[in-house]
Amino acid sequence: MRRTRGNSGSLSRIHVTATLAPGANIALPDAAAHHLSRVLRAAVDDHVTVFDDGVEYEAVITHIDRHGVTVKLGAGAAVGRESPLPCTLVQAISSGDRMDYTLQKAVELGVHAIRPVYSERSVVRLDEKRSATRLAHWRQVAAAACEQCGRNSVPAVAAPESLIDWFAGLVALPAGELRVLMSPRAEHRLADFAQPMAVTLLAGPEGGFTGVEVELALVRGFSAMRLGPRTLRTETAALAALAAVNTLWGDF
C-alpha cells in the first residue's frame, strides 16, 4: 500500500544539493531513492517535492530501478518558512543520541545555524576522522529535519571546535544582537531583555560550563539567563530557549 499523500499531492520532500532548475532531470540521493522505492513503494509518475536554498520544486518520478530514482523538476517556488529572527545555537557536544535529538528539534524550531563545541566538561571527544564523520551525520540530520518540517533552507552546521577557540574568533557584540548564556543560577529571564535583531544561544554540556568558560562568555558579550527554577538537561535547555525566543520575538 502506498503512503497517503499530503495536500500538495507529493509523496515525499527531498533535499538535493545538485543544481536545480525547472525541467532538469535529477538523480536523487541514494538514501532518498531507497526510501522512495523500498519503503514508500513509489512508482513512475508519482509526485515528490525537491528543495534546496530556499526554493522547492514539484517533481515527477520518471525512472526507478535498482540503481536509483530519477525525477523531472517542474516550476520552482521560493516558499519561505524561516523564522524572522536569526538564531544561532552554540551547543556543547553531548553524548549518545542527545546531540542528534537537539539538532533535529532545533531545526524544527527554526534555528538558523548550529555550532557544535567542546567545552571543558564535554563527555564526547572526537578525533579528526570521527569528527568529519559525525559532522556529515549531523548535517544529514539537519537536512532530514527540514524534509519533515517543511523548511526549504537547511541550517548550516559548523565543524566542531573547542569553545575557547570559538570565543577567540568571536567579534565584538554587534548592535541589535543578543548573546545568551543559559545558566540555572542566573538572575535574568529571557523576557527581561529588549527585542533583538539576532540571537546567539550558548548551551552547556551535561556537567555545565566551568567558571572560566562562564567568565569568558561574559567578556564576549553574553548575558546569563535562566529558564525557570529547575535545572534542565542540556538537550532540554537548548530547545526550551529556542521555543521561548520564537514565542517572544519570532513566529510562534
Given the conditions (1) surrounded by 13 or more Cβ atoms within 10 Å (Cβ to Cβ); (2) over 26 Å from Gly96 (Cβ atoms); (3) at pLDDT below 95, and given that Leu216 satisfies all but one, which numbered condition is not satisfied? (3)
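A quick yes/no check of all residues on (1) of a type outside the set (Phe, Trp, Tyr); (2) at pLDDT below 95; (3) crowded, with 16+ Cβ neighbours inside 10 Å:
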position	(1), (2), (3)
Cys87	yes, no, yes
Val107	yes, no, yes
Arg115	yes, no, yes
Tyr118	no, yes, yes
Ala144	yes, no, yes
Leu178	yes, no, yes
Arg185	yes, yes, no
Pairs only if they're at least six apart or on different chains, beta carbon under 7 angstrom, first in the range 228-252 and touching a residue at least 60 places away in the same chain (Cβ under 8 Å) and more than 17 Å from Gly96 (Cβ to Cβ), second hydroxyl-bearing (Ser, Thr, Tyr) and crowded, with 17+ Cβ neighbours inside 10 Å; list them, first residue then second. Asn246/Ser83; Gly250/Ser83; Asp251/Ser83
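Condition check ((1) at pLDDT 95 or above; (2) more than 20 Å from Gln140 (Cα to Cα)) across all residues:
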{"residue": "Asp30", "(1), (2)": "no, no"}
{"residue": "His34", "(1), (2)": "no, no"}
{"residue": "Asp52", "(1), (2)": "yes, no"}
{"residue": "Val69", "(1), (2)": "yes, no"}
{"residue": "Lys72", "(1), (2)": "yes, yes"}
Looking at (1) of a type in the set (A, V, I, L, M); (2) under 15 Å from Glu147 (Cα atoms); (3) out of contact with any strand residue (DSSP E or B) (no Cβ under 9 Å at 6 or more places or on another chain), which is the only condition Val55 fails? (3)
Test Val124 against the criterion of being over 27 Å from Met197 (Cα atoms), assigned by TED's automatic domain parsing to the domain that holds His47, touching a residue at least 24 places away in the same chain (Cβ under 8 Å) and more than 19 Å from the chain's Cα centre (by Cα), and give yes or no. no
Please verify whether Asp97 is at positive phi and either surrounded by fewer than 18 Cβ atoms within 10 Å (Cβ to Cβ) or among the hydroxyl-bearing types (Ser, Thr, Tyr) (or both), treating the condition exactly as stated. no
Restricting to the range 51-101, what's the tally of residues that are assigned to a loop (DSSP other than H, G, I, E, B) and of a type in the set (D, E, K, R)? 5
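The values are calculated or read from the model by the stated rules, or taken from the named source; none is laboratory data. All of these numbers come straight from a predicted model, not from anything done at the bench. Neighbour counts run over all protein chains shown; Cβ positions are idealised from the backbone, glycine included.
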